[in-house]
Amino acid sequence: MSPMSNANPMAATELSPFVYWSQTKDTLLLKVDLKDAQGVIAEFTPTTMSFGANGHGARGRNAYKFQMRFFQPIDDETATFTVTDHKIELLIHKAEPAWWVRLVATPQKPHWLRVDFDRWRTEDDAELNEPARDVREDYVEEYNNLQKQEIGYVRENAKKVYLIIYNLAMFVGYLHILIIMGVLYIRDGPDSIKHTYEYVGTSFKFVQLMQYMEVMHPLFGYTKGSPLVPFFQISGRNFVLFLMIEMEPRMHAKPVVFYVFIIWSLVELVRYPYYVSQLLKRENGLLTWLRYTIWIPLYPMGIVCEGVILLRSIPYIEETKRFCVDMPNKWNSTFDMVLFVKVYLLLLALPGSYLVMSHMSKLRVKKLGRGRAKPKIK
């Protein structure tokens, strides 16, 4: 039996566009030869790239896609692409400045990959010694097929299995909260709003505390990035949930609690399935678009709701003196919680919202592109 007899029959129907590449010591520039491209998706990891789009290429107007494993690691956080009428250009920064002997990990170059001689640069008098490589990483699909033939299944990394279970569990948790809120609203109408915290407050506190696992993940190397970003994001929510709502019973029946729970839950109902799809390497264009678009209406509404909760809590704190420290005391110091909340509210409304919006906007550009360029006027 020939080696091709075990090939996936669907693979033959997948079309790959022509890709032209060039490099500098610090960057890679890929030009995808597709005209009038729509639905462009480019996903990056430190070692791989997955691309998909509908456009007019070498085989006419079709859906085109390709995957590649890079010769060396890249900085996937800064990789971006730009869509124009005649092509898609991808700008990728190398993790370490160096001249690569080739773009892909495998010595065999894909038939659709070509050198962009118009932009090609080389390092004169450089000795490009190829480092030792792991064949299992260079030939991922072939290695997985070999495992299936030998042991009947593909061994999954324990970290990957844990992350899939964690993200699925968090998705189920937030879905459970939204379903309860929806059922109560259908049954009791607007009267159910004031009972929101009574019914789902405990569940919401549990899932919010569980989110601190996302601070631990980068510390243990399960995910990339800094633990400070998830720490401040999660702590900001928990400050509102535990100190402003949980500690003041009079806040439990406020309608704003109902609205902020819906907004927070909707964000997570998209975020966690997106993470699962990335772990399983099952790209979903709609899910990716929702992940990097749904924040546009939800984040401003969430910030407004959190601001309202903080404002409504100030009179209660002034009345109860909760969390306030007055002189004299053994620490010989004071703390005015009312002033702290006012400063926190100011930071949330101005620099905080700007930083969050700009960060998400950059991620959206990276994942979905800058959009179609306007034609030049001659």
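The values are calculated or read from the model by the stated rules, or taken from the named source; none is laboratory data. Computed from a prediction, not measured in an experiment: that's the story for all the values here. Cβ coordinates were reconstructed from backbone atoms using ideal geometry, including for glycine residues, and neighbour counts include every protein chain displayed.
Observations on the structure shown:
- M170 vs. criteria more than 22 Å from the chain's Cα centre (by Cα), in contact (Cβ under 8 Å) with a residue 24 or more places away in the chain, assigned to a helix (DSSP H, G or I) and within 22 Å of F258 (Cα to Cα): no
- First in segment 257-274 and without any contact (Cβ under 8 Å) to a residue 24 or more places away in the chain, second anywhere and in a helix (DSSP H, G or I), Cβ under 8 Å, 6 or more apart: R271/R291; Y274/L287; Y274/T288; Y274/L290; Y274/R291
- Test for S333: is it under 30 Å from I41 (Cβ atoms) and surrounded by fewer than 16 Cβ atoms within 10 Å (Cβ to Cβ): no
Rundown of residues vs (1) more than 16 Å from the chain's Cα centre (by Cα); (2) assigned by TED's automatic domain parsing to the domain that holds L269; (3) farther than 16 Å from R250 by Cα, yes/no style:
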position	(1), (2), (3)
Y197	yes, yes, no
T202	yes, yes, yes
K205	yes, yes, yes
L209	yes, yes, yes
E214	no, yes, yes
H217	no, yes, yes
F220	yes, yes, yes
S226	no, yes, yes
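- Residues being within 17 Å of I179 (Cα to Cα) and surrounded by fewer than 16 Cβ atoms within 10 Å (Cβ to Cβ) - total across segment 206-231: 1
- Residue, nearest to A42 (Cα to Cα), within segment 248-278, restricted to residues that are surrounded by 15 or more Cβ atoms within 10 Å (Cβ to Cβ) and in contact with a Lys or Arg (Cβ under 6 Å, 6 or more places away or on another chain): Y274
- Boolean, I294 is under 25 Å from K194 (Cβ atoms) and within 24 Å of the chain's Cα centre (by Cα): no
- In summary, A42 fulfils each of the numbered conditions (1) surrounded by 14 or more Cβ atoms within 10 Å (Cβ to Cβ); (2) more than 15 Å from G369 (Cβ to Cβ); (3) not acidic (D, E) with the single exception of condition (2).
Results for (1) of a type in the set (F, W, Y); (2) assigned to a loop (DSSP other than H, G, I, E, B); (3) touching a residue at least 60 places away in the same chain (Cβ under 8 Å), shown as yes or no for each residue.
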position: T288; (1), (2), (3): no, no, yes
position: T293; (1), (2), (3): no, yes, yes
position: P328; (1), (2), (3): no, yes, no
position: L339; (1), (2), (3): no, no, no
position: L345; (1), (2), (3): no, no, no
position: A349; (1), (2), (3): no, no, no
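- Check on Q149, of a type outside the set (D, E) and modelled with pLDDT of 85 or more: no
- Residue check, L178 assigned by TED's automatic domain parsing to the domain that holds E268, part of a helix (DSSP H, G or I) and surrounded by fewer than 16 Cβ atoms within 10 Å (Cβ to Cβ): no
- Within segment 197-233, the set of residues being part of a helix (DSSP H, G or I) and among the aromatic types (F, W, Y) comprises Y197, Y199, F204, F206, F231, F232.
- Residue in segment 29-42 that is touching a residue at least 60 places away in the same chain (Cβ under 8 Å), closer than 26 Å to L287 by Cβ and assigned to a loop (DSSP other than H, G, I, E, B) present: no
- Qualifying residue in segment 234-248 (condition: over 17 Å from S313 (Cβ atoms), in contact with a helix residue (DSSP H, G or I) (Cβ under 6 Å, 6 or more places away or on another chain) and in a helix (DSSP H, G or I)): no
Matching residues to (1) of a type in the set (G, A, S); (2) modelled with pLDDT of 95 or more; (3) not assigned by TED's automatic domain parsing to the domain that holds L175:
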site: E248; (1), (2), (3): no, no, no
site: P255; (1), (2), (3): no, yes, no
site: I263; (1), (2), (3): no, yes, no
site: V270; (1), (2), (3): no, yes, no
site: V304; (1), (2), (3): no, no, no
site: G307; (1), (2), (3): yes, no, no
